[in-house]
Amino acid sequence: MSSDGNPTFKWQLSFSAATPSRGFIFGIHFFCAPYNAKLSSYAPLVRSPIIRTTGVDFSSARRWLTQCLEDHKMCTSTHDHQAVLPSRLIKVWQENKLIRARLVEKEEIQTGCQYVTLSYRWVRGETFLLQGNCLSDLKREIPISQLPRRFLEALEIVLHLGYSYLWLDAICVLQDSPSDWEHEASRMADVYENAVFNIAATAPDVTHSSFFPSNFTKNRKPLTVPVKIQVTDGCLVGVYSIVQNDFWRVRVDEAPLNRRAWVLQERFFSPRILYLGSDQLLWECQELQASDAFATGIPQGMYNIRAMGYRPYRTIMKTYPDLAHEITKHTWYQIIRDYTCSDLTFPSDKLFAIAGIIKKFEVILYDKCIAGLWKKTFIQDLLWCRGFLVKDFPRPIDDRAPTWSWACLDCEIYFP
């Protein structure tokens, strides 16, 4: 019965099919309504300005962000104290319909400043970089006309979603100063954790010129099939979406960006992520995974790493006092498996690139990490194994980790 006393009917229809070329495809539909009810659509979105350089409409992104900030308890900050802020940020504003920006350092960044971060793949020969000889110039003004289009797109997204600060490693970290790079790298977990949201460019074929492929948004809606089902005393009508089971995995979990080892902790710590996918926008926070095709949430049963036991950092921090120790450790083991399958430009960074996650897990587990293994479960953790498909190969010649640690190898690692 519904709240107004009218009879209701709940039903679910699911189907699947395997095809040689498209892989596993499934459809699923849930419905709960009075017998005489009709399917209703969600209220139309208020259209936000279209991004000038791309023609992409970010209305869905604005709605996801607003809904998350206003309604999602799991997505609120875990800090009882003032959050640690980045050493530098890009301040962006609009003046006479033109975008302007400049670099600001810590003394100019106000307490409680809300900023956005960016995850992207560097391209060979990246030209616009922060170096010591141009620091003072960029603090006066960043020459917008000289920015790569990708960076300009990021600035426009920040403005259109209502914010004024962006953290972008190429411009916010001194690229010719090893000491500054090491200092900022050690604070990466805080930088991403304390951002309002992260922009992640996950399209597989992004170029020097743009984060958005030429076919972006052309085929973002799934195939729909109308179905009429006869039931007692009437019939119910539904419209079913047909999508690949790996819809999310292909666009997010296994996107080229998320196969980078350094990006793994960026995703883990970010409270909210707006993905610039291959054909549509996608959204991920602690309570919602959605896309332009599935604006109110991806269907249950769709393959993704959360369904396999992965938990982002803020979810763990919100629930770990009541979260079983085994579930928390399972998340760690899942992270290590994903991490060791990821690409690392410099293998010597094996433990350094995951240091932020280790530091946070030491707090969660009340434990000490020793070269990637936990002190309290050290004997158990020695049972790590190489992936099933990993063939024998020489050990790396560097001494980054002891031979009893999984970190001494450059291959997929899993825990039984």
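The values are calculated or read from the model by the stated rules, or taken from the named source; none is laboratory data. What you are looking at is a predicted structure, and each value in this text was computed from that prediction instead of being measured. All Cβ positions, glycine included, derive from the backbone under ideal geometry; neighbour counts span all protein chains shown. The protein model used for the area step is the full one, side chains on, heavy atoms only, and it has no ligands, DNA or RNA in it. Shrake-Rupley method; radii C 1.70, N 1.55, O 1.52, S 1.80 Å.
Would you pick out the residues in region 344-386 that are without any contact (Cβ under 8 Å) to a residue 40 or more places away in the chain, part of a loop (DSSP other than H, G, I, E, B) and of a type outside the set (Phe, Trp, Tyr)?
Those that are without any contact (Cβ under 8 Å) to a residue 40 or more places away in the chain, part of a loop (DSSP other than H, G, I, E, B) and of a type outside the set (Phe, Trp, Tyr): THR345, ASP367, LYS368, ALA371, GLY372, LYS375, LYS376, LEU382, LEU383.
Which of the residues that make up region 254-271 are assigned to a loop (DSSP other than H, G, I, E, B), more than 15 Å from ASP169 (Cβ to Cβ) and touching a residue at least 12 places away in the same chain (Cβ under 8 Å)?
Selection gives ALA255, PRO256, PRO271.
Conditions: (1) open to solvent by 30 Å² or more (accessible area, probe 1.4 Å); (2) of a type in the set (S, T, N, Q); (3) modelled with pLDDT of 85 or more; (4) more than 17 Å from ILE90 (Cα to Cα). THR202 meets all but one. Number of the miss?
(1) is the only condition that THR202 fails.
If we scan region 362-379, do we find a residue that is over 30 Å from ARG187 (Cβ atoms) and either at pLDDT 90 or above or open to solvent by 60 Å² or more (accessible area, probe 1.4 Å) (or both)?
Yes, that holds for at least one residue.
Testing THR111 on (1) open to solvent by less than 40 Å² (accessible area, probe 1.4 Å); (2) of a type outside the set (D, E, K, R); (3) out of contact with any Asp or Glu (no Cβ under 7 Å at 6 or more places or on another chain), one condition comes back false. Which one is that?
It is condition (1) that THR111 fails.
Looking at region 68-92, I want the residues that are at pLDDT below 80 and have a partner that is open to solvent by 30 Å² or more (accessible area, probe 1.4 Å) and not in a loop (DSSP other than H, G, I, E, B) with Cβ atoms under 8 Å, at least 6 apart or on another chain. Which pairs are those?
Correct list of pairs: THR78/MET317; THR78/LYS318; ALA83/ASP190.
Among the residues of region 287-307, is there at least one that is within 30 Å of ARG187 (Cα to Cα), open to solvent by less than 30 Å² (accessible area, probe 1.4 Å) and touching a residue at least 60 places away in the same chain (Cβ under 8 Å)?
yes
Suppose the filter is in contact with a strand residue (DSSP E or B) (Cβ under 8 Å, 6 or more places away or on another chain), at pLDDT 90 or above and surrounded by fewer than 20 Cβ atoms within 10 Å (Cβ to Cβ); does THR224 pass it?
Numbers: in contact with a strand residue (DSSP E or B) (Cβ under 8 Å, 6 or more places away or on another chain): yes; at pLDDT 90 or above: no; surrounded by fewer than 20 Cβ atoms within 10 Å (Cβ to Cβ): yes.
Taking the combined requirement at face value, the residue does not satisfy it.
Which one of these does LEU174 not meet: (1) open to solvent by 40 Å² or more (accessible area, probe 1.4 Å); (2) assigned to a loop (DSSP other than H, G, I, E, B)?
Looking at each condition in turn, LEU174 falls short on (1).
Spot the failing condition for ILE144; the list is (1) within 23 Å of the chain's Cα centre (by Cα); (2) within 26 Å of LEU257 (Cα to Cα), and only one is missed.
Unmet condition: (1).
Let me spell it out: the conditions are (1) farther than 21 Å from ASP338 by Cα; (2) modelled with pLDDT of 90 or more, and GLN244 meets all of them except one. Which number is the exception?
All conditions pass for GLN244, except number (2).
Does THR127 meet the test of being closer than 27 Å to PRO256 by Cβ and surrounded by fewer than 13 Cβ atoms within 10 Å (Cβ to Cβ)?
Details: closer than 27 Å to PRO256 by Cβ: yes; surrounded by fewer than 13 Cβ atoms within 10 Å (Cβ to Cβ): yes.
So THR127 fits the description; yes.
Just checking, how many residues over region 384-414 are at pLDDT 85 or above and exposed (fewer than 12 other Cβ atoms within 10 Å of the Cβ)?
1
Just checking, does region 178-186 include any residue being at pLDDT 90 or above, surrounded by 21 or more Cβ atoms within 10 Å (Cβ to Cβ) and over 21 Å from ILE357 (Cβ atoms)?
There is no residue in region 178-186 that is at pLDDT 90 or above, surrounded by 21 or more Cβ atoms within 10 Å (Cβ to Cβ) and over 21 Å from ILE357 (Cβ atoms).
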